Amino acid sequence: MAEIKNIATRDSYGNALKELAEGGADKLVVLDADLSAATKTGIFKKAFPNQHFNCGIAEANMMCVAAGFSTMGLVPFASSFAMFASGRAFEQVRNSIGYPHLNVKIGATHAGISVGEDGASHQCCEDFALMRAIPGMVVICPADDVEARQAVKAAYSYEGPVYLRFGRLAVPVFHEESYKFEIGKGEVIKEGNDVSIIANGLMVAEAIEAGKALEEQGISAEIINIATIKPLDEELIIASAKKTGKVITVEEHSIIGGLGEAVCSLLAEKCPTPVKRIGVNDEFGHSGPAKDLLKQFGLSAENIVKVTKEFI
Amino acid sequence: MDSVLKKELEIFATQIRMGIIESTYNAKAGHPGGSLSSAELFAYLYGKEMRYSADEPKWEDRDRFVLSKGHCAPGLYSALAYKGFFPVEDLKTLRHIGSYLQGHPNMNTVPGVDMSTGSLGQGVSVAAGMAKAAKYLGKDINVYALLGDGEIEEGQVWEAFMFAAQYSLDNFCAVIDSNGLQIDGTCAEVMSAEPIDEKLKAFGFEVTVINGNDFDELEKAFDAFHKSDKPFAIIMKTIKGLGVSYMENQVGWHGKAPNEEEYKIAMKELGEKLAELEA
């Protein structure tokens, strides 16, 4: 078996932007707020310096500048850490991008507690909640490099505002290059009958691991990747919930307002099913190595296995 | 200024004022004060300064205008209506359920509105982005933003000014309506941003301070903008509520509509002014 590569989806972001421009995406421009080295838009900047604009440490202005670019027919990717892109600039995104439904893409890196050592001030676990609440906003959290690069390209081709969430931590690349990402479509990674485990972002790889461990213990888990939180693939989630009768959601986000709540809302209205949410339990993160933090916060295959066994 | 043009613009400004009163009266809400103080500016922009096409509102190479102080929508809507973007009669539907004339400008429903605004401080950033995009695309397009003097208390405005200077946006013109009043009182009492001209100069702008209710001075200011190789700011000293006697310089008319009696007085005053100009 080939060795599994680990790549941070922020690298996928920078590389995909470059690939887009190389492929002739003539409307593409990239904005950053003094974080080009960290968000990896620096990769794009190095290759296409005339299409990259630094807005300085001023995210509110950057989001509105992006709106201005889009009204002129360009497709701007406004880039910063998730904390500042969705948090600091929330109202700019809401009023100057969401309300006029402008064709702006928000590339938000360093999401979740896997930011690591920087600590709680930079560990954004609220961005799904904030961005989902904006009418017409597409919210995507890809699971690995293959999916992330495709998501960037899909966002470029899609007409309307898109929030893309990427991570700092290198995570396993489990998709084949032949995988086809589609906005709004979930992916059944492994079929199962006893429980549905629905994850996104870096938790998908953990869910896959958990699925294997559960299988060995005689529990058949269906593993689902919901990279697009909004619009949600309702059909796929309902079908799986009907089949297994039990759902677990796993996300590197607060259990408030994210994937878990989106799934709960859907199932409560259309297919009442017991749900257990795994995520950040309404608390702030803290400093530490990313992998240790993920374990500590229960965002690990081991904990998914434990919760699943208790739940079913 | 040429006297024929001046007369034309004075008539247009008076029509804009009538539209402001007509629309806010029928809405039973809205912001007449700051709309009235900017009436000459709206008239100058849409009567002389800007390149646009009312028949083709989305014409790609038009100049752009962003009403960063979005609450003064009645003034912008009136200017657009009298220039043929939509029927003047529709001004009466302002803020009504089902009307495309939203309380604050919506670019997707109102022909001629280049950006949805309303949350203070954001429009000026969008305008700066448009100006930068025009340069990137190699297009000869000017972008104008109108801000309130209260609005510049928003920190984002100064982020936008830094951006405009950093990218040498000589196609960007920020107009500040300095009528001296905001909702809770005078700007001096609430949160003074003075000296606005010195601050803007320090931020890298070429700045001119004018009487914004005077067409000769507006013409000189915009001529200077065209000659400038820096981002340009026009600080307009104006009278809030100008043109309606009981609204002039009254802070209470920031965001209140006239009642029936007040409406009649205002329309009589403006009607007389219009008749005088048209005589």
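Does a label point 7 Å from the Cα of B:Thr186, set along Cα-to-beta-carbon, have any residues of the range B:235-271 with amide nitrogen under 17 Å, and which are they?
Taking a point 7 Å out along Cα→Cβ of B:Thr186, the residues of the range B:235-271 whose backbone N falls under 17 Å are B:237-241, B:248-254.
So which lysines pass the test for B:Lys58, namely a Cα distance under 17 Å, with those fewer than 8 places away in the same chain ruled out?
B:Lys83, B:Lys139
Which one, B:Leu101, B:Gly241, B:His71, is farthest towards the positive end of the dipole of chain B when Lys and Arg carry +1 and Asp and Glu -1 on their Cβ?
B:Leu101
Going by the alpha-carbon gyration tensor, a ≥ b ≥ c the square roots of its eigenvalues, is the range A:93-195 rounded (a/c under 1.5) or, if a/c is not under 1.5, prolate (a/b greater than b/c) versus oblate?
Oblate shape, in that a/c is at least 1.5 and b/c is the bigger or equal ratio.
Under a point spin-label approximation (7 Å from Cα along Cα-to-Cβ), what is the B:Lys6-A:Ser121 distance to one decimal in nm?
Placing both labels 7 Å along Cα→Cβ, they lie 5.8 nm apart.
Taking the Cα centre as origin and putting +1 on Lys and Arg beta-carbons and -1 on Asp and Glu beta-carbons, what dipole magnitude results for the range B:53-153, to the nearest 20 debye?
Magnitude of the dipole: close to 120 debye.
Under a crude label model (7 Å from the Cα following the beta-carbon direction), how far is A:Asn281 from A:Lys242 in nanometres?
It works out to 3.4 nm between the two label points.
Got a sec? Charge dipole of the protein assembly as shown, +1 on Cβ for Lys and Arg, -1 for Asp and Glu; which of A:Val29, B:Pro111, B:Leu147 is way out at the positive end?
My answer, from the dipole projection, is A:Val29.
Let me know the Rg and Dmax you get for the protein assembly as shown when you use only its Cα atoms, in Å.
27.2, 95
Over the range B:29-138, what is the relative contact order in whole percent, taking alpha-carbon pairs under 8 Å and six or more residues apart?
28 percent
Can you pull the mean other chain C-beta count within 10 Å for peptide B:117-125?
Taking the mean over all residues of the peptide, I get 6.
Enumerate by residue number the GluC sites (Glu not before Pro) in the range A:1-102 meeting two conditions: DSSP loop (anything except H, G, I, E, B), and at most 13 other Cβ atoms within 10 Å of the site's Cβ. Show your work: numbers first, answer last.
Numbers: sites: A:Glu3, A:Glu19, A:Glu22, A:Glu59, A:Glu91; in loops: A:Glu3.
Those satisfying the criteria are A:Glu3.
Once you list every other residue whose beta carbon is under 12 Å from the beta carbon of B:Lys58, what net charge do they have if Lys and Arg are +1 and Asp and Glu are -1?
The answer is -3.
Output the Kirkwood hydrodynamic radius of chain A, Cα pairs only, in Å rounded to one decimal.
19.2 Å
Hey, could you pull the Cα Rg and Dmax for the range B:86-234, both in Å?
In Å, with Rg to one decimal and Dmax whole: 16.3, 46.
If I take every Cα pair under 8 Å that is 6 or more residues apart in the range B:3-278, average their sequence separation and divide by the length, what percent do I get for the relative contact order?
Once normalised by length, the contact order is 24 percent.
For B:Gly34, what is the net charge nearby, where nearby means another residue's Cβ is under 11 Å from its Cβ and Lys, Arg count +1, Asp, Glu -1?
Around B:Gly34, the surrounding residues sum to -1.
Which order, highest average first, do B:119-131, A:164-176 follow once you tally other Cβ atoms within 10 Å for each residue and take the mean per peptide? All intermediate terms of the calculation are to be shown ahead of the outcome.
Values: B:119-131: 30.0, A:164-176: 22.5.
For the peptides B:119-131, A:164-176, the packing ranking is B:119-131, A:164-176.
Please report Rg over Rh for chain B, where both radii come from the alpha carbon positions and Rh follows the Kirkwood definition.
0.94
Normalise the Debye intensity by I(0) for the range A:7-172, one equal point scatterer per Cα, no solvent, then take log10 at q = 0.13 Å⁻¹ and round to two decimals.
-0.51
Post the alpha-carbon centroid distance, the range B:1-60 to the range A:58-132, in whole angstrom.
After rounding, the separation between the Cα centres reads 35 Å.
Taking only the alpha-carbon positions of the range B:174-274 and ignoring solvent, what does the Debye formula give for the base-10 log of I(q)/I(0) at q = 0.12, 0.18, 0.20 Å⁻¹?
For the range B:174-274 at q = 0.12, 0.18, 0.20 Å⁻¹, log10 I(q)/I(0) is -0.52, -0.93, -1.03.
Across the residues of B:157-165, average count of Cβ atoms on other protein chains within 10 Å?
On the way: counts 1, 2, 10, 6, 1, 4, 9, 2, 0.
If you average over the peptide's residues, the count of other-chain Cβ atoms is 4.
Please say if the range A:192-312 is rounded, prolate or oblate, where rounded means a/c under 1.5 for a ≥ b ≥ c the square roots of the C-alpha gyration tensor eigenvalues, and otherwise the choice is prolate for a/b larger than b/c and oblate otherwise?
oblate
In a shell of Cβ-Cβ distance under 10 Å around A:Gly107, excluding A:Gly107 itself, what net charge do Lys and Arg (+1) and Asp and Glu (-1) give?
It works out to a net charge of +3.
What shape does the range B:1-145 take by its C-alpha gyration tensor, where a ≥ b ≥ c are the square roots of the eigenvalues and a/c under 1.5 counts as rounded, a/b above b/c as prolate, and the rest as oblate?
oblate
Check cross-link reach from B:Lys48 to the aspartates and glutamates: straight Cα distance under 13 Å, and skip same-chain residues fewer than eight apart.
Cross-link targets: B:Asp2, B:Glu8, B:Glu10, B:Glu40, B:Asp63, B:Asp216, B:Glu219, B:Asp223.
For the range B:114-186 and the range B:194-226, compute the distance between their C-alpha centroids and round to whole Å.
Here the two parts' Cα centres lie 14 Å apart.
Once R0 is set to 45 Å, what does the formula 1/(1 + (r/R0)^6) return for the Cβ-Cβ distance between A:Lys306 and A:Lys180, expressed as a FRET efficiency to the nearest 0.05? Walk me through the numbers before you get to the answer.
Values: r = 34 Å, r/R0 = 0.75.
With R0 = 45 Å, the Cβ-Cβ based efficiency is 0.85.
Loop only per DSSP, at most 10 neighbouring Cβ atoms within 10 Å: give me the GluC sites (Glu not before Pro) in the range A:117-172, ordered by residue number.
Answer by residue number: A:Glu159.
Need the C-alpha centroid separation for the range A:257-312 versus the range A:16-45, integer Å.
Centre-to-centre (Cα) distance: 33 Å.
To make sure I understand, if each residue's beta carbon is the centre and we count other beta carbons within 10 Å, what order do A:Arg10, A:Arg94, B:Arg17 fall in, fewest to most?
So the residues, fewest neighbours to most, are A:Arg94, A:Arg10, B:Arg17.
For a 27 Å ceiling on Cα separation, which of these pairs sit above it: A:Lys46/A:Lys230; A:Lys230/A:Lys309; A:Lys190/A:Lys246?
The pairs that break the limit, which is 27 Å between Cα atoms, are A:Lys46/A:Lys230; A:Lys230/A:Lys309.
Need the list of lysines near B:Lys201 for cross-linking: C-alpha distance under 21 angstrom, and skip anything on the same chain fewer than eight residues off.
Within the straight-line cut-off, B:Lys201 pairs with B:Lys132, B:Lys220, B:Lys227, B:Lys230, B:Lys237.
Pairs of Cα atoms under 8 Å, at least six residues apart: use those to get the relative contact order of the range A:187-311, whole percent. All intermediate terms of the calculation are to be shown ahead of the outcome.
Details: 215 pairs, mean separation 36.0, N = 125.
Dividing the mean separation by the residue count of the range A:187-311 yields 29 percent.
Just so you know, all these numbers are worked out from the coordinates, no wet-lab data involved. What you see is a predicted model; the values in this text were computed from it and never measured. Neighbour counts run over all protein chains shown; Cβ positions are idealised from the backbone, glycine included.
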